[in-house]
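Contents: one structure, followed by commentary.
What follows draws every value from the coordinates through simple rules; no lab data is involved. Remember, it's a predicted structure, so these values are computed and weren't measured experimentally. As a convention, Cβ positions derive from the backbone with ideal geometry for all residues, glycine included, and neighbour counts pool all protein chains shown.
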Amino acid sequence: MDLKNLTISQIQELLFSKKVSVVDIVNFYLERIKKLDPQIKAFITITEKEALIQAKNLDDKIKKGDKVGKLAGAVMAVKDIFLTKNIQTTASSQVLKDYLPQYSSTIYQRLIDQDAIIIGKTNTDPFAFGGSTENSGFFTTKNPWNLSKVPGGSSGGSAAAVAADLCQFALGTDTGGSIRLPASLCNISGLKPTYGLNSRYGITAMASSFDCPGVFAKNVEDLALLTQFTAGVDPKDATTIDNPVPNYSELLDKVNLKGLKIGLPKEYFTDPINTEVKTKVLEATKFFESKGATLVDISLPSTKLGIAVYYILVPSEISANMARYDGIRFGRNTDNNPDITSYYMNTRGQYMEAEVKRRILIGTYALSSGYYDAYYTKASKVRTLIKNEFINALKKVDVILAPVSPTTAWDIGAKVNDPLQMYLVDAFTVCTNVAGVPSVALPCGFDNQNLPIGFQLIGNFFEESKILSIAHQYQQFTDYHLQTPNL
Amino acid sequence: MKITPIIGLEVHVELKTKSKMFCSCSAEHFHVDPNTHTCPTCLGLPGALPVPNKTACEWCIKLGLALGCTPNESSFFERKNYFYPDLAKGYQLTQYEKPFVINGKIKIGDQEVRINRAHMEEDTGKSVHIKDNGQELTLIDYNRCGVPLVEIVSEPDITSAQMAKDYLLKMQQIIRYLGISDADIEKGSMRCEPTVNLKIEDNDQVFYTPLVEIKNVASLTGVQTAIDFEIHRQTEAFKQTGEVKSKTNKNTFGWDADKNQTFLQREKEGSSDYRYFPEPDIPHIEFTKEEIEEIRKTIPELPDGKITRYKKDFSLNDYDANLLTSDIDFSKAYELALGQNPDSTFAKFTANLFIGAIKTHLNESQENLNIDKINSIFFKNLFDAVSKSEISSTVAKQVTIESYQTGKDPVEIAKSKGLIQVSDSAEIEKLAIGVISQNSKAVEDYKKNPASIGFLIGKLMQASKGSANPQLAKEILEKLLK
């Protein structure tokens, strides 16, 4: 049976009507991975054994008529910065090559508890530091739409795996755009939730006050279903918020597009945006207008400071978060060091990738006595400013609509020697992380090279159900998200 | 040349909470197998996050309130960044800008030491350096890593080694009253780092010697000796070099308890940069005024208050009041023995028994006080018997200990042992005659020096097995020897 390009509810229908078994489903994806991943390189680890064991157990449960989880039959890929107990977790860095975690991250475990099946761990920039997967300590993932292009990053492996139909959904993290950017470049849907909705416990930390774990899927309906299980307070993450989790799936049709006020921030429709991207995103706005929504021109004047603020605060947090990778309790280390300082320097010097070192250096500098006020304190103040701009704008409009990436996928290698150019790919995504508000990215067309274009809907704090509902209704009338790459 | 030491103390106290500061591991680490009380969080494993221990935060505030500090409305944790193998995360969680409490004071005799702040932080692991088959190894035990620590920082108001010791004893006493830590310096649950320099006045000129922080002091006597040593060393150094304090010449000295001397550990402390910044993994912590008041209610009457009350209500002297309040359990037992509304004679009587009998017994037997063995009625009975001269004060002490050990009424014990005081003159006279005839040398002494009658009284008391009324015994002896 052809299981190609099925959503979670479609595959569950086949499963529960006994047309396929879980083992069939897993084998379908394993075969695709074996056939396609040598070119795409989405996966660092393929968890064939674990997946088949899980699948057999689940089939037995179904056969016996036992109760199964809400995600039975759903096959996931997991960004390799999520700790998975006894399954190699490298964070795509040589530092953690062969590292077997003693525990699992909360949201991964929550999905496993609903009988989702892990098919593999996906490539990313090391510790999620990057926007293309090119910084990975192992290899670069290719964009399934054009193998000479980047998939975006940092969660590029997860996005490529979903886009190439190597799994049904994937876990990613978004610190400055790392879910939305690759979702947009790979023509899939991705949710960066409100900071504090999804637990960060068990995910290697990049910038603790920015990191937002979230999901990639083939459509918004699946995002809603999955977020139902990932969301909610975690006693192990003090920054998660103890709000009741709404039933996102049931709320998908709730928002009335008629009379909806959609804000278009002018700072997101100017330089560095590419004309084709702008045209397609504006076409999406026309759709909403045709359904009775009002488009409102708004301004988020501090947007241009987003990247600067981000690249002060994020490396500052990184410089401390990376200190534990000292080769003493876990991870790789070096031998024959005469003293402890050499041990640290040689271990960290040998295994940390260039971008990891670069960010540690920037952060250490920004936090140093004498520079702290000029950098960290100042950036923190601008952070408050950016946050307040979102809060104020969202008093005037219901939702903000903007492009995700200024351009479509670029050539592998084009920006690797220019870190500043690379940092700018997040120009339209970082501010939501600086503020902490949620944003969903979804496809809205293709450029003349048939490369995907996406847009994002930004809501107020904890308004995931609203932005998901608006995005879902868009997908009811469009078929961009149904387009798949020729592989 | 006039020399005034300027001493400030940083005191670290390990709280005896059930779990660690930022994870649910047991905070117990004394005599525990290495690395058995650990988890991803206190081992600093990838992805692990800290969740603050509410009880520990409350105890820090409780201590602050007991020291007269003001709580900050909003506090937060910060990361103090440095590399050391026993520091699992590569940073220590502490409070720098906004500690839980600030600006308190402690009374030492009639002097006052201001408290700058008390803040919450976490302990590090322990490095153990060993030699194995000729190879030098460092082993690390992370059981202590993440144990809650409160750091109390004094202003430099202490002017002598003795005063520093008194400050520590007072701090220890208050902490034990609060029941938040064992505050045992020898076991390391209370640690102290003095910072010492000198104010030197010479021919109308004033000099300040460079600051020295002393580390590794592991006993109360050590603190005193180390400070005295440092005062002497700095005086001599100043005489030789004339070097004075600057922004960059603060040094860290270690204390060598075997050689009884300090040694230079690190020069130029001013240059280290811990790159403090707010801990993003933990939201700011706010206690409402109501919550602070709830914490305040859990503070028991503190030693200073108790001493004043004992002196006022029970007419006790300074010495007795201090001894009775030295330990909260001891003072609780004393108050239990007094019962409701005791009069001051009874209170004084009971105080003598607590100090003269129970405390002595506990010291000799090395036992801990068991408050369940204290019975107010027994003390009342004993008091009545002594008032009626049925029992002597010597016997009272003796039977108090036995009563404490056996749980029997002390007066009954005295009766059963024939220790009821003899106030029958005929009986005593009989004994006195015997004593006089057997101690002719003492009788001669008495005739030369009437003050030496004590010896004969003692012999008579011995002969009566302590039951004779000593006053009566004295009178009868004097009468017979006229």
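Normalised by the number of residues in segment B:28-105, what is the relative contact order in percent for Cα pairs under 8 Å and 6+ residues apart?
On the way: 83 pairs, mean separation 23.7, N = 78.
Relative contact order, segment B:28-105: 30 percent.
Could you state the angle between the C-alpha long axis of helix B:161-178 and the longest principal axis of the C-alpha atoms of chain B, as a value from 0 to 90 degrees rounded to the nearest 10?
For helix B:161-178, the angle is close to 80 degrees.
Taking only the Cα atoms of segment B:303-416, how large is their convex hull per residue, in Å³?
94
When you have a sec, figure out the Kirkwood radius of segment A:61-124 from all distinct Cα pair distances and drop it here in Å to one decimal?
That comes to 12.6 Å for segment A:61-124.
Give me P(r) over chain B, computed from all C-alpha to C-alpha distances, binned every 10 Å, as integer percentages.
4, 15, 20, 20, 15, 11, 8, 5, 1, 0
Dipole magnitude of segment B:425-480 about its Cα centre, charges +1 at Lys/Arg Cβ and -1 at Asp/Glu Cβ only, in debye to the nearest 20?
On the way: 8 positive and 6 negative charges, 25 e Å.
With only Lys, Arg, Asp and Glu charged at Cβ, the dipole is about 120 debye.
So what is the calculated 222 nm ellipticity per residue for chain B, using -39500 (n - 2.57) for each DSSP H run with n of 4 or more, over all residues, to the nearest 500 deg cm²/dmol?
On the way: 16 runs with 187 residues, N = 482.
One gets -12000 deg cm²/dmol as the mean residue ellipticity at 222 nm.
Over the Cα atoms of segment B:425-480, what radius of gyration and what Dmax do you get, in Å?
For segment B:425-480, the Cα radius of gyration and maximum Cα-Cα distance read 10.0, 29 Å.
Relative contact order for chain A: what percent, with Cα pairs under 8 Å and sequence separation of 6 or more?
Relative contact order for chain A comes out at 17 percent.
Quick one: helix B:470-480 against the long Cα principal axis of chain B, what's the angle to the nearest 10°, folded into 0 to 90?
The angle comes out at about 40 degrees.
To the nearest 20 debye, what charge dipole does the protein assembly as shown have about its Cα centre, counting +1 at the Cβ of each Lys and Arg and -1 at the Cβ of each Asp and Glu?
Its charge dipole is roughly 580 debye.
What is the spin-label model distance, in nm, from B:Ile377 to B:Ser326 if the labels are put 7 Å beyond Cα along the C-beta direction?
It is 3.2 nm.
How fast does segment B:163-319 diffuse by Stokes-Einstein, in µm²/s, taking the Kirkwood radius from C-alpha pairs at 20 °C and 1.002 mPa s?
Diffusion coefficient, whole number: 110 µm²/s.
So how much slack lies between B:Thr394 and B:Ser440, counting 0.36 nm per residue of separation and subtracting their Cα-Cα distance, in nm?
Gain on stretching B:Thr394 to B:Ser440: 13.9 nm.
Cα extents of segment A:246-322 along the three principal axes, largest first, in whole Å?
48, 37, 21
Quick check: net charge around B:Thr235, other residues with Cβ under 14 Å of its Cβ, Lys/Arg +1 and Asp/Glu -1?
So the surrounding residues net to -2.
Based on a Kirkwood Rh over C-alpha pairs, give the Stokes-Einstein translational diffusion coefficient of segment B:1-72 at 25 °C and viscosity 0.890 mPa s in µm²/s.
162
Show the residues, 5+ positions off or on another chain, whose built amide H is closer than 5 Å to the amide H of B:Val101.
When sequence neighbours closer than 5 places are left aside, the close amide H contacts are B:Asn72, B:Ala118.
For every helix of n ≥ 4 consecutive DSSP H residues, a contribution of -39,500 (n - 2.57) applies; sum these over chain A, divide by its total residues, and give [θ] at 222 nm rounded to the nearest 500 deg cm²/dmol.
The helix-only estimate for chain A comes to -11500 deg cm²/dmol at 222 nm.
Going by Cα centres, segment A:10-86 and segment A:149-192 are how many Å apart?
If you average the Cα positions of each part, the centres end up 19 Å apart.
Roughly speaking, what is the centre-to-centre gap between segment A:318-364 and segment A:435-472 when only Cα atoms are used, to the nearest Å?
With segment A:318-364 and segment A:435-472 each reduced to a Cα centre, they are spaced 37 Å.
Using each residue's phi in segment A:201-206, evaluate 6.51 cos²θ - 1.76 cosθ + 1.60 at θ = phi - 60° and report the 3J(HN,Hα) Karplus result to the nearest Hz, with x for Gly and Pro.
4, x, 10, 4, 7, 9
Mind jotting down the distance between the C-alpha centroids of segment B:137-195 and segment B:405-447, whole Å?
52
From the gyration tensor of the Cα coordinates in segment A:389-462, what semi-axes in whole Å does the equivalent ellipsoid have, largest first, with each one equal to sqrt(5λ)?
26, 16, 8
Could you calculate, for chain A, the ratio of the Cα radius of gyration to the Kirkwood radius, expressed as Rg to Rh?
0.96
Just for the Cα atoms in the protein assembly as shown, what are the lengths along the principal axes, largest first, rounded to whole Å?
135, 79, 65
Work out the length of the dipole vector of chain B about its Cα centre, built from +1 on the beta-carbon of each Lys and Arg and -1 on the beta-carbon of each Asp and Glu, and round it to the nearest 20 debye. Don't skip to the answer; put the middle values down first.
Working: 59 positive and 69 negative charges, 248 e Å.
In total the dipole reaches around 1200 debye.
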